[in-house]
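The values are calculated or read from the model by the stated rules, or taken from the named source; none is laboratory data. None of the values given here were measured: they were computed from a predicted structure. A quick note on method: Cβ atoms are made from the backbone with ideal geometry, for glycine too, and the neighbour counts reach across all protein chains shown. Note: areas computed on protein heavy atoms with side chains; ligands, DNA, RNA excluded. Shrake-Rupley method; radii C 1.70, N 1.55, O 1.52, S 1.80 Å.
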Amino acid sequence: MSLLEFYTEHTHAERQTLFAEVILPLHLPKSYTYRIPFEYNTAAQVGKRVIVQFGKRKIYAGIIKSMATEPPKGYEAKYILHVLDDEPIVNATALSFWQWMAGYYMCPAGDVMNAALPAALKLESESKIKWNEEAEGVEGIELSTKEQTLLFAIKGAKEKEISLGEVADILNIKNTFPVIRSLFDKGLIIINEEIKDRYKPKTRTQITLSPQYSNNSPELKPLFEGLEKRAPRQLEILLQYFNLSFEQDVIYKDELITETTHRAALNTLVNKGIFIETEIIIDRLFAESNATAQNTLNSEQQKAFADINNHFADKDVILLHGITGSGKTHVYVELIKQAIAQGKQVLYLLPEIALTVQLVGRLRAHFGNSVLVSHSRFNENERVEIWKKVAEEKAHIIVGPRSAVFLPFQNLGLVIVDEEHEGSFKQFDPAPRYHGRDAAIFLAHLWKAKTLLGTATPSVESYYNAKAGKYGLVKLENRFGNSHLPQIITADMADAGKKNLLKGPFTVFLLDKLNDALAQQEQAILFQNRKGFVPLTVCKTCGWVPKCENCDISLTYYKFQNSFKCQFCGYNHAPYKACEACGSHHLEMTGYGTERIEEELQLLLPNARTERFDLENTRTKNAYYRIIRDFESKDIDVLVGTQMVAKGLDFEDVQLVGILDADQLLHQPDFRANERAFYLMAQVAGRAGRREKEGVVVLQTRRPHHPTIQYVIQHDYESFYQSDLAERFRFNYPPYFKLINLRIKNKEAEAVENAAQQLAHLLREKLGDRVLGPQAPYISRLKTLYIRNILIKIERERVSVTWVKDTIHQCIEAFMQTKENRKTIVQVDVDAYF
């Protein structure tokens, strides 16, 4: 090629007009195409963030979904304002995953983007730019005129912050992001500073001995002699330092402080120049951990491990059905070792953040710092660090709840979904309303990875798929070690009430078992699936019940906060002194939440050390860790909790479990009520007797002969499955039919009813008797919006699900064309849970 030809071709490439389809973090029915300025032709790549204008003044950071040379049809493309990233932050596989999720769960790609990206990676014109208080100053930093102008404006603003939208007016330029990016890179400003839990580097103070007192220094001997006479505390710390120095290279300040008086003595040694303090930045995402544990499988676990690998030869998904305490985690560890040896990443999904506390400790004992935890208790800046570590493959094992499926994996080889039956894997609001288990299976498919579903109580759908041969099926039918499944005994509350053998929420039989356990220095778990102090307050004169102003639900009283509170919208009301309907002072609190259970227990068993384990008591970042640590170390005798205590926790000394109100689990308006009741009771029962001594479970109920309760007592999952499956077949529920629920919302009761009837009519014209409703749900008003449900049941064999989804989209679009319906919200929930 001649020099002229090369120059011509190179210049043509630079001047080629390119267009980018951009996903915006908005609830929009489609993505939009933008024109790429010539100077960004090379920089623009699929998966990178770009700054674009949407609407008249709004500025957003979107993700490039695709690039082309053809302009969009029907509108003139606006220019991309800036390319934010040097490298793509979302890879091609992740974008395919986003696209699948948007299609399968019938939501815009922008909703998926919002769920996937940490908030600190999303910029819009309402975000805040703030002066970085930790910056040392601008001395020695080269700043352009525009950078100086912007910094001057920020420092002069109220609270030293301005919005991104204000930056354009201050600088009088359209494209402000190069200036913002430059100041951010120089550490002078912070973006999105509205976040409360701002990330700060974790530091630890290292202590080193001054060089003048090194081992061979002649000054060391007189130092010891002087301290021995005048400062024995300081001498003790110095000796402790030397003892530690023989065992470890780095010594931290907190390791030398063993008593409160030592802190002052240590500070004196620093002030004298004997010790030198240095602040060391510690990676807060990777706790110091060495892989020292050995993992030994028993014969049944070895067989399960071999069977799983055999199934993986022709199945992508395996269901490991192992009874509680059978040691499924031991099998997981061997599979993880296998995947890591192949250079793969592993995703380990859990239904609850609480489970990460015990599990991560055990995994780090085997894999050290290869384990990374991701969950919502991390602040936004920490989530960005997690995102980057996964993208850079600095973590091989990622443990987290359902949202972990969105992390930017580079080489995913194995997905483990523990407690796969859990409804917590289902996202309700906002969209995408995905199921973490099902999304993880598809994510693994995209990576050509394998998926293991583990549980003691499989979901009916998963067990059906395994029985039908879609999934492989492997079983663990015996507990690990010498332990046995607990004995489950019913306590008939109706009979106890007649015989005056009830003390508050407890039967005398359960209290006797509690006393026996405590006398033998054993621990107990009490399960009550209701938060707060009491769920219901009633006026005995007229029947008035305090209700939420925004929702169609009664208020729960929380004694610890001394407030009535709505569990859905957070509405609070001070304690009621009289009935607001008739003025009567005869208000009766009925029912028992976990707060009241704990209080009653403290009155009946004053010597027992009790603790609650529910959402209200675990809101802080380290609350889970504190409670589980205290229970493991036997600083707590009785743990009172909601369903959080039923999810995979393993405690050595729990010999008694009390299920305080089994009936409340059964009486729910949901076709999954029996399944949910079975797995909650079976799982919480499985916390008892997990070592050599057989545990005892006391199940309090007024219906001891209910079939589901009998299946739980007999540890008979197979019979429960067959019974529930027959019911589902009879009434056209999953796994035989697919469910799509449309939730119609409006602030006016009449408007929501009319709108729901119109939409149901449009749907019936196309889908016939597959459409049920509209019907008001059990809670017909939430957060000021009235609700109606339209349920669509789709047979799996005779109709295309894709066609049904397209038809639903068309009907919703036609419905929204009517002016009076535009104030109505329509939410689509695929594979709906109720």
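Counting only residues at least eight positions apart within a chain, or on another chain, the lysines with an alpha carbon under 21 Å from that of LYS186 are LYS122, LYS128, LYS130, LYS146, LYS155, LYS160, LYS200, LYS202, LYS388.
For the chain, the carbon plus sulfur part of the accessible surface works out to 49%, probe radius 1.4 Å. Could you give the distance between the Cα centres of the stretch 795-834 and the stretch 151-170, to the whole Å? The stretch 795-834 and the stretch 151-170 have Cα centres separated by 44 Å. In the stretch 203-281, taking the dipole from charged Cβ atoms about the Cα centre, the farthest positive-side position among PHE275, GLY226, PRO211 is held by GLY226. Applying a 4.7 Å cutoff between beta carbons, the unpaired cysteines of the chain are CYS107, CYS569, CYS811. ILE251 exposes around 0 Å² of accessible area when a 1.4 Å probe is run over every protein chain in place. Here the spin labels are modelled as points 7 Å beyond Cα on the Cα-Cβ line, and at ASN243 and ASN515 they lie 4.7 nm apart.
Fully extending the segment from LYS503 to SER182 would add 108.8 nm, taking 0.36 nm per residue of separation and subtracting the current Cα-Cα distance. Computed about its Cα centre, the charge dipole of the chain is approximately 1660 debye, with only Lys, Arg, Asp and Glu carrying charge at their Cβ. Cβ-Cβ distance of THR296 and LEU28, R₀ of 41 Å, FRET efficiency by 1/(1 + (r/R0)^6): the value works out to about 0.15.
Calculate, in nm to one decimal, what ASN132 and VAL545 gain on full extension: separation in residues at 0.36 nm each, minus their alpha carbon distance.
Gain in length upon complete extension: 143.6 nm.
Largest to smallest in accessible area, the residues TYR60, TYR786 fall in the order TYR786, TYR60 (1.4 Å probe, all protein chains included).
For HIS82, the amide hydrogen comes within under 5 Å of the amide hydrogens of ILE51, counting only partners 5 or more places away or on other chains and with H modelled in the peptide plane.
Which of the listed residues, PHE834, PHE406, PHE720, is farthest toward the dipole's positive end in the chain, when Lys, Arg count +1 and Asp, Glu count -1 at the beta-carbon? Sorting the options by dipole projection puts first PHE834. Taken as Cα centroids, the stretch 57-123 and the stretch 367-394 sit 23 Å apart, rounded to the nearest whole angstrom. Within the stretch 344-455, antiparallel bridges make up roughly 5 percent of the DSSP beta bridges whose residues both belong there. For the stretch 402-412, the Karplus equation 6.51 cos²θ - 1.76 cosθ + 1.60, evaluated at θ = phi - 60°, returns couplings of 4, 5, 5, 5, 8, 5, x, 4, 10, 7, 6 Hz by residue, with Gly and Pro reported as x.
Distant-in-sequence amide contacts of LYS531, defined by a placed amide H-H separation under 5 Å and a gap of 5 or more residues or a different chain, comprise THR594.
Keeping all protein chains in place, calculate the accessible area per residue for the chain (probe 1.4 angstrom), answer in Å².
47
Between the amide H of GLU748 and those of TYR786, distances stay under 5 Å, these residues lying 5 or more places away or on another chain, with hydrogens modeled in the peptide plane. Applying the Karplus relation 6.51 cos²θ - 1.76 cosθ + 1.60 with θ = phi - 60° to the stretch 552-565 yields 3J(HN,Hα) values of 8, 7, 6, 8, 9, 8, 10, 5, 4, 8, 6, 7, 8, 9 Hz, where x marks Gly and Pro. Between TRP803 and ALA231, full extension at 0.36 nm per residue minus the direct alpha carbon distance yields a gain of 197.5 nm. Cα centroids of the stretch 775-794 and the stretch 414-458: 26 Å apart. Simple point charges give the picture: +1 on the Cβ of Lys and Arg, -1 on the Cβ of Asp and Glu, and for the stretch 203-281 a dipole about the Cα centre of about 300 debye. Among beta bridges identified by DSSP and lying wholly in the chain, the antiparallel ones come to about 60 percent.
Over the residues of the chain, the helix contribution to mean residue ellipticity at 222 nm works out to -10500 deg cm²/dmol, using -39500 (n - 2.57) for each DSSP H run of at least 4. Where a ≥ b ≥ c are the square roots of the eigenvalues of the C-alpha gyration tensor, would you call the stretch 128-192 rounded, which needs a/c under 1.5, or, failing that, prolate if a/b is larger than b/c, or oblate? Taking the square roots of the gyration eigenvalues as a ≥ b ≥ c, the stretch 128-192 is oblate.
The aspartates and glutamates whose alpha-carbon is closer than 16 Å to the alpha-carbon of LYS450, local same-chain residues fewer than 8 away aside, are ASP307, ASP314, ASP316, GLU334, ASP418, GLU420, ASP438.
Of the residues ILE553, ILE488, the one with the largest accessible area comes first in the ranking ILE553, ILE488, computed with a 1.4 Å probe on protein heavy atoms. Can you find, among VAL508, ALA306, GLN338, the residue sitting farthest towards the positive end of the charge dipole of the chain, where Lys and Arg contribute +1 and Asp and Glu -1 at Cβ? Positive-end residue among those listed: VAL508. In this simple spin-label model, placing a label point 7 Å from the Cα along the Cα-to-Cβ direction at both THR17 and GLU795 gives a separation of 5.3 nm. For the pair ASN216 and ASN309, label points projected 7 Å from Cα toward Cβ lie 5.4 nm apart. What label, among (1) 39.4; (2) 48.0; (3) 65.7, belongs to mean projected area of the Cα convex hull in nm² computed from the structure on display? Only one listed value fits the structure, namely (2).
Take the alpha carbon gyration tensor of the stretch 203-281, find the square roots of its eigenvalues, order them as a ≥ b ≥ c, and report rounded if a/c is under 1.5; if not, report prolate when a/b exceeds b/c, else oblate. Oblate shape, in that a/c is at least 1.5 and b/c is the bigger or equal ratio.
Can you give the FRET efficiency to the nearest 0.05 for ALA68 and LYS747, using r as the Cβ-Cβ distance and R₀ = 41 Å? That pair, ALA68 with LYS747, gives E of 0.45.
Given a Förster distance of 45 Å, report the FRET efficiency between LYS819 and THR620 from their Cβ-Cβ distance, rounded to the nearest 0.05. Efficiency computed from Cβ-Cβ geometry: 0.40.
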